[in-house]
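Reviewing the structure listed below.
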Amino acid sequence: MVAILAWRNIWRNPRRTIVILLAVIIGVWSMIFLGALMRGMETEMVRNSISTLTGSIQIHHREYRNDPVVENCMDGIDKLNQALSTSLDPGILWAKRVRVNAIASNARHTGGVTLVGIEPEKEAKISFIGKAMISGRYLTTEDKNKIIVGRAFLKKFNTKINNKLILMSQDTQKEIASKAFRIVGVFSAESEAVEKQFIFIPLLQAAKMLKMGDSISEVSIMLSRLDITGKKETLAAKRLTAAIADDTYRVETWQQLLPMMKAYLEMSGFFLYIWYFVVFVAMGFGIVNTSLMAIFERMREFGLMKALGMRPFQIIKGVVTETFFLLVIGILAGNILGFLSVAAISKNGIDLSALAAGAQMWGIPRKLYPEIWAQDVAVAGLVVLALGLLVSLYPAFKAARFTPTQAMRKN
Amino acid sequence: MSIELKMAWRNIWRNPRRTLLTISAIAFASMILVFMLSFQLGCYETMINTSVKISTGHLQIQAKGYLKDKKMRLVIKDPEQVAKFLDTVEGIDTYTFRANGFSLVSSDTRTYGVVVTGIDPLKEAHVSSIKSLVRKGSYLKEDDETAALIGELLSHNLKVDINDELTILGQGKDGSIAAAVLTIKGIFTSGIDEFDRNVIMMGLKGFQEIFSMGKSVHEAVITADSLGDVSMVKQEIQNNFLKIKGGEYLAVPDWMEIMPGLLQGIQMDLVSGIIMYIILVIVVAFSIFNTFLMAIFERTREFGVMMAIGTTPSRITKLVMFESICMTIVGILLGIIIGSLVTLYFQNKGIYIAGTEDILKQYGIPDRLYPRLSLISATAGPLVVFVITFVSSVFPALKIRKLKPVEAMNNI
Amino acid sequence: MKKLILIVGILFFAVSSQAQMTAETIVKKAFDYWRGEASVSTITMTIHRPDWERSMTIKAWTRGESDSLFVITNPAKDRGNSTLKAGKGMWIYNPKVNRVIKLPPSMMSQSWQGSDFSNNDLAKSDSLIKDYVHTLEDTKIVQDKKVYSIKSIPKPDAPVIWGMIKLKIREDNILLSEVFFDEDLEAVKIMTAWDIRMAGGKLFPLKWKMEKSDAKDEYTRFVYEKIDFKKSLNKNIFTRTHLKNPDI
């Protein structure tokens, strides 16, 4: 009964209703839209860093992360292989790597790099390198003295495809190992730092050059889908640790490997919800103002109702129910608008390359694909609904307090 | 003109509740913008000052070319002369001298190539935060010549601890061999991995001796009174020192040149901040637009009467616009005042955001953030609100021109 | 490295010039001529920069293709600093800190004592023989002596940074110049030798200079003050113990 009455009431003055609705819609839309932009950015950042050789999970020698030298490598390959294949779900990919610091030089330049020995086919499926080649070709397992380098590295070393690069590092015997490689391909990455830092050679060649035998520096595992909350990763990591059952190995998820990223995600989620609140307050003033005006316009009506014996509580209920309908319609419409606008831009993404210089530095992607999270939609909707109802109590109490005489005197 | 203004002022107080709400909306938006912008700028300043504190200083004096290529021979030949001059410059808080040399640093088991920096223990403590970063052992004393401070990660990699010995072997300024055994006196943790992995510090006197530097140094590291004074100080040094007293071979890079990445990051973050503000302003504009529109609907009758007694629609429009402007100005002033007060409060107390320590630490920022009120942060946001409010009041006001007196009077 | 070595070595028996030598043999013979079985020499090294110059005196021992020991004898301040190259490793010793340090890979491309030679240049002294394919480009007569121009191209997998080396070798096995090119075949560094005289019992260029091709006022010059060629040297000279205590 209250509901039907309220529904009819709000359409008695469609112009006013539309004005209020518009305010709610714009408010909700801005929350959904901004949230989607932010989440899109976050996901893309996580995805980028994960694919930049981190992976969902990594396994290292216990000491390797503190001291990434060739001695801290893992040699129980068979055991690792077995643990990996028994404890991970089918469909989960992994690849082995050798990763050490090295010195690269040609006739005119010399500089420190991270030498990454990869299993070309497997690696292509789990990290950015598979899709990052911009010229030349990718590595094959059989390549003997071939190397791929980043675009920025190529520029820094003033070299080109087919040119030679000498790598020097320390082998497991603590001797200096050096070997000549020929550049066969060039990759690009989201950041110049990555393009300058990493150079790739086949795993077999790295192991041979560094006299590592079968040992490797790390295993990188890529789960089939990124879980930005990290729960799936943690679970898988636990099972792996149990399967390996050897504390010289350490299994870590991307959240442990990238603590900064984790902190950033937490912080930005927190800020988003603060922002929702701020937007609501800005919007709330409009809602209160408009509904207050509506109440005063209808003073006669409320006075009459009271004169007819309606209790203040019922009037409050009526007004709040009206607001409820307005809010629900506004939230729905705002969501639809939000979804539509996000859908419109997510097809092509937003190009951030104008900001590229700073963006790369901070690991922010060049292209942004907004992403709507159910959680954000729910929070936005709840914030608007709960706070909207709360602020509508003010006009509602006002309406309930009108005395019949006061009301009748108007006009 | 003044009649309309008076009328407008009286009109807005005919419905004080609505006016107050409208003003509050404007004030709230202005306040939030003042606070947020101050907060953002404050964070940048903290960030800059902290990074600057960790190593670079606000500005440095160094030989031309040293910034690009840290060659041992590119020195400040006469630091005393530089010091004499710096003492006379307004806006300089403090300064110190440093020297750097690439060396092989070895412990019993490991050898790494790192940069060893010679610092003046007393002055350095005022310029940089290094003294407070020593978490194990103690800071250097004035006369410590062969004692060293070492980053925590580097100490881990070298497998050394307090009181252990390190051998450094590099090349002196004159090309001779620089070698020394240093005793580790303190281990510091800045939280910035890059820094903790690559830095060894020792007393400047000892450094000058070992690296055959004589009296010369590589950098004069200067902290200005505030970030805002940096360009002034730079100008002063450029005009009155580099050009005149035989200082032509020197340059004065500021923090933006020394750490270009930091500036880019800030610009980037500012852009995303601005996007958020724009969205907020749009929401506020709608809120206010609604109120204005509603007010005009409500007063249709009144306008009809006014027209009927001969007031031209343009005069009514003008009146309504004046009303909006009055409300906006009051709102904005309130917003600026409240916003500034809130900002000033937090400027003293600082804001603690739980769970952000890690990320802040990586940029070397303490766990409390301080907004910073400035003329720009106090006025930029409200100014935008003013413009937007004005624009959103134009449309409802224009509606008045379309009113027909008779119809309008019939409107309830 | 190719160049420093040169400085150091000598052959015991002079080889008479032969009319039809292959490029390979010319280079090998020249190399053996400089390097010899073993040698002991005293060298003054001058590092020159546009605004700065510095000299030091070095005593050097070499043995076979790859062992060498350099000890600084002057200036007094640096006296006793020494560098040992034995087998694949390189160690340095400083008397002040009394420690022997093995050079890590990251230091190999750094300059040796501030000169225009890198540690790597020293460490890979036999590279010219091992890592290159040589071809004879032409033969000219200069001052009554034949001078061979030889082009040396690195073998495909050789870990050398150069794209090409050009050598000028006189018919009596004396290396006159060596030019190092990058992969685009542009000259990077140029080494020249002159002042050929009888020393230690055979003809030997006593002055050497290494300069950058694009900065002619940056160079490192060696002058042999004294050189003795020997049949052999005690193996113990090239050990870490001796590195600390050389007879200078």
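The values are calculated or read from the model by the stated rules, or taken from the named source; none is laboratory data. Being a predicted model, the structure only gives us computed values, none of them experimental. No Cβ is skipped: glycine too gets one built from the backbone with ideal geometry, and neighbour counts run over all protein chains shown. When the accessible area is computed, the model is the full protein with side chains, heavy atoms only, and any ligands, DNA or RNA have been set aside. Shrake-Rupley method; radii C 1.70, N 1.55, O 1.52, S 1.80 Å.
Tabulated results
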| item | result |
| --- | --- |
| Cα-Cα over 25 Å, subset of C:K155/C:K202; A:K79/A:K122; B:K70/C:K124; A:K164/C:K166; C:K124/C:K166 | C:K155/C:K202; B:K70/C:K124 |
| When each of A:K208/C:K151; A:K208/C:K209; B:K71/C:K216 is checked by Cα-Cα distance, pairs over 28 Å | A:K208/C:K151; A:K208/C:K209 |
| Rounded to whole Hz, the Karplus (6.51, -1.76, 1.60) HN-Hα couplings of segment C:160-165, x for glycine and proline | 10, 7, 7, x, 6, 10 |
| Global geometry of chain A, whether rounded, prolate or oblate, following the gyration tensor of its Cα atoms and the 1.5 cut on a/c | prolate |
| For B:G151, residues with placed amide H under 5 Å, excluding near neighbours | B:F188, B:V199 |
| Candidate aspartates and glutamates for bridging to C:K189, where Cα separation is under 16 Å - those fewer than 8 sequence places away on the same chain excluded | C:D116, C:D121, C:E178, C:E211, C:D214, C:D217, C:E218 |
| Å² per residue, accessible surface of segment B:8-76 at 1.4 Å | 37 |
| Fraction of accessible area attributable to carbon and sulfur, segment B:121-263 (%, probe 1.4 Å) | 51 |
| Chain A: DSSP helices with Cα axial extent of at least 27 Å and average Kyte-Doolittle hydropathy no lower than -1.0 | A:14-49, A:259-297, A:312-346, A:374-401 |
| Drop in accessible area of at least 40 Å² in the complex versus isolated chain, residues of segment B:264-279, 1.4 Å probe | B:Q264, B:M268, B:M276, B:I279 |
| Where C meets A: accessible area buried, both sides, 1.4 Å probe, Å² | 1900 |
| Heavy-atom accessible surface of segment A:57-222: percent carbon and sulfur, 1.4 Å | 49 |
| Carbon plus sulfur fraction of accessible area for segment C:2-244, probe 1.4 Å, in percent | 51 |
| Contact order normalised by residue count of segment B:59-253, Cα under 8 Å, 6+ apart, percent | 34 |
| DSSP bridge pairs, the protein assembly as shown: antiparallel proportion in percent, nearest 5 | 90 |
| Degrees between helix C:23-35 axis and first principal axis of chain C (Cα, 0 to 90, nearest 10) | 30 |
| Mean separation of Cα contacts under 8 Å, 6 or more apart, over the residue count of segment A:57-222: relative contact order % | 35 |
| Those lysines that a straight Cα-Cα span of less than 23 Å connects to A:K367, excepting residues fewer than 8 apart in one chain | A:K125, A:K131, A:K196, A:K262, A:K347 |
| Exposed GluC sites (Glu not before Pro) absent - longest run of chain B, DSSP non-H/G/I/E/B, at most 11 other C-beta within 10 Å | B:249-412 |
| Solvent-accessible area buried by pairing B with A, both sides, nearest 100 square angstrom, 1.4 angstrom probe | 4300 |
| Distance from segment B:259-308 to segment C:160-200 (C-alpha centre basis), Å | 75 |
| Eligible aspartates and glutamates near B:K402 by straight Cα distance, threshold 17 Å, same-chain separation 8 or greater | B:E298, B:E302 |
| Cβ-based net charge around C:Y224, under 13 Å, with every Lys or Arg adding one and every Asp or Glu removing one | +4 |
| Euclidean distance between Cα centres, segment A:277-343 to segment B:158-201, Å | 69 |
| Surface accessible to a 1.4 Å probe, per residue, for the residues of segment A:57-222, Å² | 39 |
| Segment C:54-117: chymotrypsin sites (Phe, Trp or Tyr not before Pro) in DSSP loop, at most 12 other beta carbons within 10 Å | none |
| Cross-link pairs beyond the 28 Å C-alpha cut-off, checked among A:K146/C:K29; B:K77/C:K102; A:K174/A:K238; C:K77/C:K207; B:K68/B:K159; A:K156/C:K29 | A:K146/C:K29; B:K77/C:K102; A:K174/A:K238; B:K68/B:K159; A:K156/C:K29 |
| Residues in segment C:73-90 that, when all protein chains are in place, have 40 Å² or more less accessible area than the chain alone would give (probe 1.4 Å) | C:K77, C:K88 |
| Options A:G185, A:M209, A:Q58, ranked by Cα towards positive dipole end of segment A:57-222, top entry (Cβ charges) | A:G185 |
| For chain A, built as a Gaussian network whose Cα springs stay under 10 Å, the top-fluctuating residue of A:R99, A:R137, A:R15 | A:R15 |
| Size of the B/C contact, given as accessible area buried on both chains, probe 1.4 Å, in Å² | 1700 |
| Chain A: relative contact order in percent, alpha carbon pairs under 8 Å with at least 6 residues between | 27 |
| Whether segment A:134-254 is rounded, prolate or oblate, judged on the alpha carbon gyration tensor where a/c under 1.5 counts as rounded | oblate |
